[in-house]
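**Q** I'd like to ask some things about the structure below.
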Amino acid sequence: QVQLAESGGGLVQAGDSLRLSCAASVRTFSRYAMGWFRQAPGKEREFVAAIRWSGGNTYYADSVKGRFTISRDNANNAVSLQMNSLKPEDTAVYYCAARWSPGDYRRIDEYNYWGQGTQVTVSS
């Protein structure tokens, strides 16, 4: 069983930065690929970014490419999402997710474990 806990959300202004963190309680963290998803009010949950086991491959949604950076620290069982140049449309609950199998890292249904989410609100 994997437990994930997000932190770092908050209220910021457009153009500001935030860094989200996700702590994983699992011994074999390095065996899991990790992803970040978000869900805005009234919308479906969507892919934001993903990183493979070794951290050598990363994937981003077009809407955040060049502004967000995903990284992982396997020694500390953590994954982070650095968000720069935030926009009001980035407002959402952000979720950390883990998966043990390769595949389409953008697919929500291929992730095995989810955190509870952290709210990010960007004011204009």
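**Q** Can you tell me which residue in the stretch 48-64 is nearest to Gln3 (Cα to Cα), limited to those that are touching a Phe, Trp or Tyr at 6+ places or on another chain (Cβ under 6 Å) and open to solvent by less than 30 Å² (accessible area, probe 1.4 Å)?
**A** Applying the filter and picking the extreme gives Ala50.
**Q** Please determine whether any residue of the stretch 65-80 is surrounded by fewer than 16 Cβ atoms within 10 Å (Cβ to Cβ), in contact with a helix residue (DSSP H, G or I) (Cβ under 7 Å, 6 or more places away or on another chain) and on the phi > 0 side of the Ramachandran plot.
**A** No: the stretch 65-80 contains no residue that is surrounded by fewer than 16 Cβ atoms within 10 Å (Cβ to Cβ), in contact with a helix residue (DSSP H, G or I) (Cβ under 7 Å, 6 or more places away or on another chain) and on the phi > 0 side of the Ramachandran plot.
**Q** On to the next question. For the stretch 85-97, which residues satisfy the criterion of being open to solvent by 40 Å² or more (accessible area, probe 1.4 Å) and either over 17 Å from Gly8 (Cβ atoms) or under 14 Å from the mean Cα position of the chain (by Cα) (or both)?
**A** Lys87, Pro88, Glu89
**Q** With (1) in a strand (DSSP E or B); (2) within 18 Å of Val120 (Cβ to Cβ); (3) of a type outside the set (Gly, Ala, Ser) as the list, and Pro41 as the residue in question, which single condition is left unmet?
**A** (1)
**Q** Taking the stretch 32-70 as the region of interest, how many residues are of a type in the set (Ser, Thr, Tyr), modelled with pLDDT of 95 or more and farther than 22 Å from Gly15 by Cβ?
**A** 2
**Q** Let me ask something additional. Just to be sure I understand the filter: pairs with C-beta atoms under 8 Å, separated by 6 or more residues or on different chains, first member in the stretch 98-124 and surrounded by fewer than 14 Cβ atoms within 10 Å (Cβ to Cβ), second member modelled with pLDDT of 95 or more and of a type in the set (Val, Ile, Thr). Which pairs pass?
**A** Pairs found: Gln119/Val93; Ser123/Val12.
**Q** Does the stretch 25-47 contain at least one residue that is of a type in the set (D, E, K, R), surrounded by 14 or more Cβ atoms within 10 Å (Cβ to Cβ) and within 11 Å of the chain's Cα centre (by Cα)?
**A** The answer is yes; a qualifying residue exists.
The values are calculated or read from the model by the stated rules, or taken from the named source; none is laboratory data. All values reported here derive from a predicted model rather than from experimental measurement. As a convention, Cβ positions derive from the backbone with ideal geometry for all residues, glycine included, and neighbour counts pool all protein chains shown. Just so you know, the surface numbers come from the protein's heavy atoms only, side chains and all, with ligands and any DNA or RNA stripped out. Shrake-Rupley method; radii C 1.70, N 1.55, O 1.52, S 1.80 Å.
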